[in-house]
Amino acid sequence: MGLYAIGDLHLHYQSVLKAPGQLNSRAWKKHEEKLRRNCLKMITDEDTLVLVGDHSWGRRMSECETDLQYICDLPGRKILTRGNHDMFLDAKKTRQLNELYQPRLTFLQDSYETYKEYALVGTKGYTFEGPFYLNRRGQILGWDEEAEKHAIKLVDRELKRLRTSFELAKADGYTKFIMFLHYPPTNILEERSPFTDMAERYGAEQVIYAHCHGESRFYDSIHGEFRGRQYRLVSGDFLRWKPLKLM
Ligand SMILES: [Fe+2]
Ligand SMILES: [Fe+2]
C-alpha cells in the first residue's frame with residue numbers, strides 16, 4: 001500500500017493544445033503512454049495516486065471527459081487537486097464532480113483525504129511569478145508591482161482554503177499531514193512564504209508541488225529538506241512520467 005504523486009499531465013484528448021512546446025519537446029512525446037506504462041508497472045489498486053493539478057487543457061467538461069477517463073483507467077485510488085489550467089474544475093464545482101466521479105476519482109478542495117495515519121491536505125496555492133526585471137547578468141532589478149498586488153489577494157484566498165483543509169483533518173483527530181499544492185510553495189525570490197509557514201505551523205512532513213515544468217523552471221522553488229520538512233517537485237516531465245513514491 002503506497003502513496004504516489006505526479007502533476008501537470010496537461011492531457012488534451014478532446015481539446016486544443018495551448019502550449020506548442022508540449023508538441024515539440026522530447027520530454028512530452030507520447031507522455032500519456034509513458035505515464036500509463038509506468039503506472040501499470042509501479043502502482044496497484046491498493047495504492048493511492050495524488051494528481052496535483054493541470055490535468056487537462058479542456059475548458060469545459062465536454063472537453064475533458066476523455067482526459068478524466070484516462071485518469072480513471074490508471075491503477076490505484078486517484079485524488080485530484082486543482083491546477084491553474086483546470087478550467088473545468090472550478091472550486092465551486094468540486095461537489096458536483098465528486099458526485100459524478102466518486103469512487104473512481106476524488107476531487108480534493110476544502111476537504112481532506114487520508115492515507116494510513118496521515119491526512120492528505122491541499123489546495124491550488126498561488127505564487128507570484130513576475131514579471132521580474134533582470135539585468136544582463138540575470139540579477140533581479142525589480143518586478144511588476146501591480147501583478148504582485150493581485151497575487152497577494154490570491155495567496156490569501158488559497159491560504160484560507162488550505163487552512164480549512166488542515167483544520168477539518170485536525171478536528172477529526174489527525175496530527176500527521178502531507179500537504180499538496182499545485183503552485184510551488186515559494187516564488188524564485190523567496191526562501192520562506194505563507195505556504196511554507198503554514199506547513200510548519202501544522203507540522204506537515206512533506207510538501208508536494210508541481211507547476212514548474214520545462215527544464216528552466218525545475219529549480220524555481222525548494223527541493224529537499226527545508227526547515228524540517230521535505231519539499232518535492234512532482235511535475236510529470238521533471239519525473240519523466242514516473243509517479244514519485246512519497247511513502
Ligand atoms: Fe502545468
Ligand atoms: Fe500550472
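FYI, it's all coordinate maths here, none of it is from the lab. No experiment lies behind these values; they were computed from the predicted model shown. Backbone-built Cβ (ideal geometry, glycine too); neighbour counts: all protein chains shown.
With r as the distance between the Cβ atoms of residue 87 and residue 1 and R0 = 25 Å, compute the FRET efficiency 1/(1 + (r/R0)^6) and round to 0.05. For residue 1 and residue 87, the calculated efficiency is 0.15.
Antiparallel beta bridges, as assigned by DSSP with both residues in region 5-152, represent about 35 percent of the total such bridges. Tell me what the chain gives for mean residue ellipticity at 222 nm when only DSSP H runs of n ≥ 4 count, each as -39,500 (n - 2.57), the sum divided by the residue total, rounded to 500 deg cm²/dmol. Value at 222 nm, helices only: -8500 deg cm²/dmol. For the peptides 212-220, 54-62, the ranking by mean Cβ contacts within 10 Å, running from highest to lowest, is 54-62, 212-220. Placing a label point 7 Å from the Cα of residue 65 along the Cα-to-Cβ direction, none of the residues of region 79-102 has a backbone N under 11 Å of that point. Phi angles of region 225-234 translate, via the Karplus equation with coefficients 6.51, -1.76, 1.60 and θ = phi - 60°, into HN-Hα couplings of 6, 8, 6, x, 10, 9, 10, 9, 7, 10 Hz per residue; Gly and Pro are given as x.
Each label point was placed 7 Å from the Cα along the Cα-to-Cβ direction; for residue 141 and residue 216 their separation is 1.8 nm.
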